[in-house]
Amino acid sequence: MRSETGFDPDLYKRFPTKGPRPEGEHEELDRIWCAPKGLQYLTVVNNNYVGLYYVGAAFLFFILAGILALLMRTQLALPMNGFLSEETYNQIFTMHGSVMMFLFAVPAVEALGILLLPQMLAARDLPFPRLSAYAFWAYFIGGLAFFCSLFFGLAPSGGWFMYPPLTGSAYSPGINADFWLLGIGFIEISAIAGAIEIIVGVLKTRAPGMGLDKLPIFAWAMLVFAAMIVIGFPSIILCTLLLELERAFNWPFFDALRGGDPLLWQHLFWFFGHPDVYIIFLPAAGMLSMIIPTIAQRPLVGHNLIVLAILATGFISFGVWVHHMFTTGLPAISTSFFSAASMAVSVPAGLQVFAWMATLAAGKIRWTVPAYFAIGGLIVFVMGGLTGVMLALVPFDWVAHDTYFVVAHFHYVLIGGMVFPLLAGFYYWAPMMSKRRLSERMGKIAFWLIFVGMHVTFLVMHLTGLMGMPRRVYTYPDIGWTLPNQISTVGSFMIAAGVLVIVIDLFRNFRFTAGDGAGNVYNGGTLEWLPAELYSVRSIPVITSRYPLWDDPNLGKDVEEGRYFLPNSATGERETIVTSPINAEPQYLQRMPGPSWFHFGAAVFTAGFFLLLTVKLYWLAVASGVLAIGCILRWVWANDLPMKQASADIGAGIRVPTYSHGPRSHSWWAMAVLLTVAGMIFVMMCFSYIFLWSSHGATWPAPPPMVDLMACAALAALGAACAIGAQRIYARSSVGALGLIGAAVIALLVELWISFAGWRADLAPELNSHDALIAMFLSWEAMFAAISLMMALYLVARWWAGLLVSERPATMESVSLFVAYAAGQTLIALLLTRAFPLAA
Amino acid sequence: MKYWFILLAGLLLWATHFGLIYAIASISIQATGENTLLSRALIVGSGLVFAGILVVLWLRMRRGGDEVDRFSQSLSLTGALIGIVAILWQSLPALVPS
């Protein structure tokens, strides 16, 4: 295999090194990566703490949403029951679904990624620890406030998919729906921040030698998971934004009377909503692919096929969203395509199931608690998958749509495909971070309660659905549905009892530690079982196989004695090795940030911004937003500062630079991923425009004169050219580059002004969907122009402080990438909204 | 990027083809109110073209080269095969009379 970066693979032969290590290395690492005290627990950024907070918070929301499920089941235990009122029931089922999906399922798997990936990849930490901490605090504070809306009767009541027109201001007055629309906002930001961290982390901070062929399946799953968030979440960001604009400013995107279309919401929502199921499932499947080889004590059968299955699921899952819309009257040919894709997506899932079964069959199963939950989950998931194939068939879906059959199906899929693997993961990885392992006896009791309770609740629910009981009804008459409902209620309390046993087990036995965990009690073969401290492993090993601990019995001892990469702190600061994305060849040493109040403040004020906006305290919301931006600017100010040394010895005499920029650097990758998110939101905006044009285009007004278009396009092109030029000339003249960025921003602002002036005379966004879309495009462009301006001012401030020097181009590169993107986006928007209607 | 394009060729072409046939069907229905014979022919034809491209890629990838190691080559080849089957499967609805 050819070297990817010019690094000589023969250098790996220098490891493990011989001879004693100098005194004091251990102590220095302990000092640099010290544990927090007192209030520092709020500002801590280490993945051990942030990951654990994240998992704990997600589990808390799981329990809270589970309690809501018990309330619902109690209400449904008897016909015409008055335990909950209609409105309360509606709020509770909406919050149950929303909290489970947005506050438990996605954050839980993201949390496990943040907690486990550095250990699995043998990195000191993921590349943006403050971003992880920011994502956690924004999610936790905002999530709690969102949940508490229930106690004030302010919770949303339109179902977790919030279909308009039910959720429009006509049928959902008050701020309940706004709590959902804006409340989901910070969760989306949090998920995307986590996704950026995970993508860059998996691709750039692996142990040397851990090429893609040796990458643990969990890391593959997290990589695809994060990529799916980047592609899928923008769609929900856009649709929540559009509905909130419709509610707040009466812009009719979904109002059929004024040229909008409620089906647009369904397309946008399910383009996110169905892949979201796989976003949840893939990391859980990745966990199973890590746990099952340990259970069977043999390597995973069909490793490469499982990687391919994960990738295929990532792709195909974006071609199935319309199967939630089979009953909306879409053309038969369209539904047929999505029906075919919905059946096809079961193939990669089935492939993984067969590989797990083959691994278990080929090995010798050790019946521990993780084995119970893993195999139990497999059974439940397969049952859910089979009813999924049934629902992929259009005629069957017409019969079962919106009945309890569907409820039974997705609970089988989500509980089997996510909750059981997650609980298997809890028991499997607890010894890694707890002084005591969790109880085998209590774990098995919990398993049987949950496993049996699961079937008692949901197996009979298929029949309830086939008997005709619709979803989302707060009560029902006594027409034969009572007995199955009572059975389901009994089962739900069995599940709750099982979860309670786990909670008790956690209280009794889980004792967090970073250094003296119970250890590798299940004899796992992957890197997370190496002895570790708060700085992760003492030295970062060279990886030569997929199960390094099984293949090299001395690895743990050599790692602990510092015989591999980075056995000390090469620069006297927090740091990790950045490697190349394919072969994981060492490229440079990344300085890592420590604890700080700024990311914490940014998270608090971000959550505050959305929550204050929801309760219509606009000026306070603006103040909170400004404070959030201030905290973020102060936070990033500390990046890209001069290093004490230009290169460092990372072990065995191998030296790497301490700074990098361009596509080699982690910051460039992060900006590229962020712009992909922005690009996807923009793509979905274009889709919305074409979707509404296809049914109402004939009545849309003509765009402003062509001369306007030419001027605007020229300015946008000029902006892009200046931004790209700034990057090119920065090495020669940082002031010149700064001038070009300024010119690019001015071009964007002038373009925006001309564009706005061109439309302004006739633009009435509240009158029809066309004008609402144009106003949306202009607002979006204005936001990017404003951010570009802020970035340019930030560059001026850095230049003033003497930090904008030609040897360190990373900050300038990030800004110029952003501004060039903003200009390119403006150009496309111009062509779509002005040239396309004339050409079509 | 070349590495990733080769690795994901089968899946990328499946996704492109899926978007294309959805667009062809939508444009046809938008323009004429029905899924015409021409649009069906285009859907099936594009399926054959895309599958054909993958067959050519598969044959070229089999010869190997410096760019891909054994792992990525096995992923690319199997992905291309899956892509061929998936593209043909996805085109089948156009053969069913409406």
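So how compact is segment A:46-509: Cα radius of gyration and Dmax in angstrom?
21.3, 66
Could you list, bin by bin from short to long, the percent of Cα-Cα pairs of segment A:49-96 in 5 Å steps?
Pair shares across the bins are 5, 21, 23, 17, 11, 9, 7, 4, 2, 0.
How large, in Å, is segment A:684-839 by the Kirkwood hydrodynamic radius built from its alpha-carbon pairs?
Hydrodynamic radius (Kirkwood, Cα only) of segment A:684-839 equals 16.4 Å.
Placing unit charges on C-beta atoms (Lys and Arg positive, Asp and Glu negative, everything else neutral), compute the dipole magnitude of segment A:684-839 about its Cα centre in debye, rounded to 20.
460 debye
Given points 7 Å out from each Cα along the Cα-Cβ axis, report the A:Arg728 to A:Glu561 separation in nanometres with one decimal.
It is 5.6 nm.
Indicate the gyration tensor shape class of chain A (rounded, prolate or oblate), computed on the Cα atoms with a ≥ b ≥ c the square roots of the eigenvalues: a/c under 1.5 is rounded; otherwise a/b larger than b/c is prolate and the rest oblate.
oblate
Holding the Cα-Cα limit at 26 Å, pick out from A:Lys37/A:Lys435; A:Lys204/B:Lys2; A:Lys204/A:Lys644; A:Lys37/A:Lys214; A:Lys18/A:Lys435 the pairs that are longer than that.
The pairs that break the limit, which is 26 Å between Cα atoms, are A:Lys37/A:Lys214; A:Lys18/A:Lys435.
Once you order the gyration tensor axes a ≥ b ≥ c over the Cα atoms, which shape class does segment A:593-699 get: rounded for a/c under 1.5, otherwise prolate or oblate by comparing a/b with b/c?
The shape class here is oblate.
In Å and on Cα atoms, what radius of gyration and Dmax does segment A:188-265 show?
Final numbers for Rg and Dmax: 18.8, 61 Å.
Would you mind estimating how fast segment A:749-840 diffuses translationally, via Stokes-Einstein at 10 °C and 1.306 mPa s with the Kirkwood radius over Cα pairs, in µm²/s?
106 µm²/s
Starting from the Cα-Cα distance between B:Leu20 and B:Thr36, subtract it from 0.36 nm times their residue separation and give me the gain in nm to one decimal.
Result: 4.2 nm gained on full extension.
What size of dipole, in debye to the nearest 20, comes out for segment A:543-656 about its Cα centre when the only charges are +1 on Lys and Arg C-beta atoms and -1 on Asp and Glu C-beta atoms?
So the dipole magnitude of segment A:543-656 works out to roughly 560 debye.
Among A:His770, A:His661, rank each residue by its count of other Cβ atoms within 10 Å, from fewest to most, as a rough exposure measure.
A:His661, A:His770
Kindly list the residues of segment A:577-611 that lie in the label zone of A:Asp649, defined by a backbone N under 16 Å from the point 7 Å along the Cα-to-C-beta vector.
none
Rank these for me by crowding, A:Lys204, B:Lys2, A:Lys557, going from fewest to most other beta carbons within 10 Å.
Taking fewest neighbouring Cβ atoms as first place, the list is B:Lys2, A:Lys557, A:Lys204.
About its Cα centre, what dipole magnitude does the protein assembly as shown give when the only charges are +1 on Lys and Arg Cβ and -1 on Asp and Glu Cβ, stated in debye to the nearest 20?
Rounded to the nearest 20 debye, it is 1580 debye.
Around A:Arg21, under 15 Å between beta carbons, what's the net of Lys plus Arg minus Asp minus Glu among the other residues?
Value of the local net charge: -4.
In whole percent, what relative contact order does chain A give with Cα contacts below 8 Å and a gap of six or more residues?
17 percent
Taking every alpha carbon pair in chain B, what does the distance histogram look like in 5 angstrom bins from 0, in percent?
The percentages, shortest bin first, are 3, 14, 23, 19, 13, 10, 8, 5, 3, 1, 0.
Would you please classify the overall shape of segment A:396-501 from the alpha carbon gyration tensor, given that a ≥ b ≥ c denote the square roots of the eigenvalues, rounded means a/c under 1.5, and beyond that prolate means a/b larger than b/c while oblate covers the rest?
Here segment A:396-501 falls in the prolate category.
Averaged across the residues of A:328-338, what count of C-beta atoms belonging to other chains lies within 10 Å of each residue's C-beta?
6
Sequence neighbours fewer than 8 away in the same chain don't count; with that in mind, list the aspartates and glutamates whose C-alpha is under 13 Å from A:Lys444.
Those aspartates and glutamates meeting the cut-off are A:Asp505.
With everything on Cα atoms, drop me the angle between helix B:9-32 and the longest principal axis of chain B, reported from 0 to 90° to the nearest 10.
10 degrees
Taking the dipole about the Cα centre of chain B, with the C-beta of Lys and Arg at +1 and of Asp and Glu at -1, give me whichever of B:Ala31, B:Gly83, B:Gln73 is farthest to the positive side.
Sorting the options by dipole projection puts first B:Gln73.
Since every read-out is calculated from the coordinates, none of them should be taken as a lab result. Quick caveat: nothing in here was measured; it's all calculated off a predicted structure. Here Cβ is always computed from backbone atoms with ideal geometry, including for glycine, and neighbour counts include all displayed protein chains.
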